[in-house]
1. Under a point-charge model restricted to the Cβ atoms of Lys and Arg (+1) and Asp and Glu (-1), what is the dipole moment magnitude of the stretch 57-202 relative to its Cα centre, in debye to the nearest 20?
2. Dipole of the stretch 136-195 (Lys/Arg Cβ +1, Asp/Glu Cβ -1, origin at the Cα centre): which of 147, 187, 165 lies farthest to the positive side?
3. Return a whole-number percent for the relative contact order of the chain, with Cα pairs under 8 Å and 6 or more residues apart as the contact set.
4. At what distance in angstrom do the alpha carbon centres of the stretch 112-134 and the stretch 1-66 lie from each other?
5. Only sites in a loop by DSSP and with at most 13 other Cβ atoms within 10 Å count here; which GluC sites (Glu not before Pro) in the stretch 1-109 make the cut?
6. Looking at the calculated P(r) for the stretch 28-94, what percent of the C-alpha pair distances fall above 14 Å?
7. With everything on Cα atoms, drop me the angle between helix 80-96 and the longest principal axis of the chain, reported from 0 to 90° to the nearest 10.
8. How large is Rg over Rh for the stretch 12-157, taking Rg from the Cα atoms and Rh as the Kirkwood inverse mean of 1/r across Cα pairs?
Amino acid sequence: MAILRKSLAITTPGTPQEQSLLRANLALIYAHYEGFCKFAINTYIDALKRLNLRRKDLSWNIAAYSMKDFFERLKKKESQNDFFSTFINDFNNEIEGHARYDSPPEIANLWPDLLILWLKKLDLGYSIIDSHRAILHALVDNRNKIAHGKKLTISNKVDLDQYFQVATSAMHEVAIEICEALESKRYQRNDFPSTTLHHSLS
């Protein structure tokens, strides 16, 4: 990336060479953004798997994320009675059980909304990413244009630098959030709320 950025910096503006280097730089910026974010999220999920915590000891967002199979079973219930009885009978076993996690699906486009969705599931912050949704969306869109041989919507080094800075900030936020979550054990609950449902199933 550094070599490509240096080459672009010394290229004459408005030339075909500049356009080629703009495309190459943007494609590489996107590749770093997607690859790092997916790697970091999978690393965090692997860390949670190794901890082997029970769902009731996890933050509710992470506990809910780990109960995907249970929620899928509930969705298949055709009547309210079946839904309610399954929920009452199985919820306590699920919340007491050890969490299981799916990894993010293999995708070609890491749109900012999708990245935020996964950060929410893992109870991680995303304020910087949220504030730059439009630029990150344009980054993915321009990457797709490159893949399909279409013209970019950026035409100069200033625009490219904005993509670089925002993508770097997004990667930094993901890394910091994961490090802080692991260091402070943000994923873990220290209490189990005394809900009516919990009392009825105790």
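1. Charge dipole, the stretch 57-202, about its Cα centre: 580 debye, nearest 20.
2. The one lying farthest along the dipole's positive direction is 147.
3. With pairs under 8 Å counted, the relative contact order is 32 percent.
4. 13 Å
5. Answer in residue order: 78, 106.
6. Details: 1530 of 2211 pairs.
For the stretch 28-94, the share of Cα pairs beyond 14 Å comes to 69 percent.
7. 80 degrees
8. 1.15
Taken together, the values in this text are just the output of simple stated rules run on the coordinates, not laboratory data. From a predicted model like this one, the values you see are computed outputs, not experimental measurements. Heads up, the Cβs are rebuilt from the backbone with ideal geometry, glycines too, and the neighbour counts pull from every protein chain shown.
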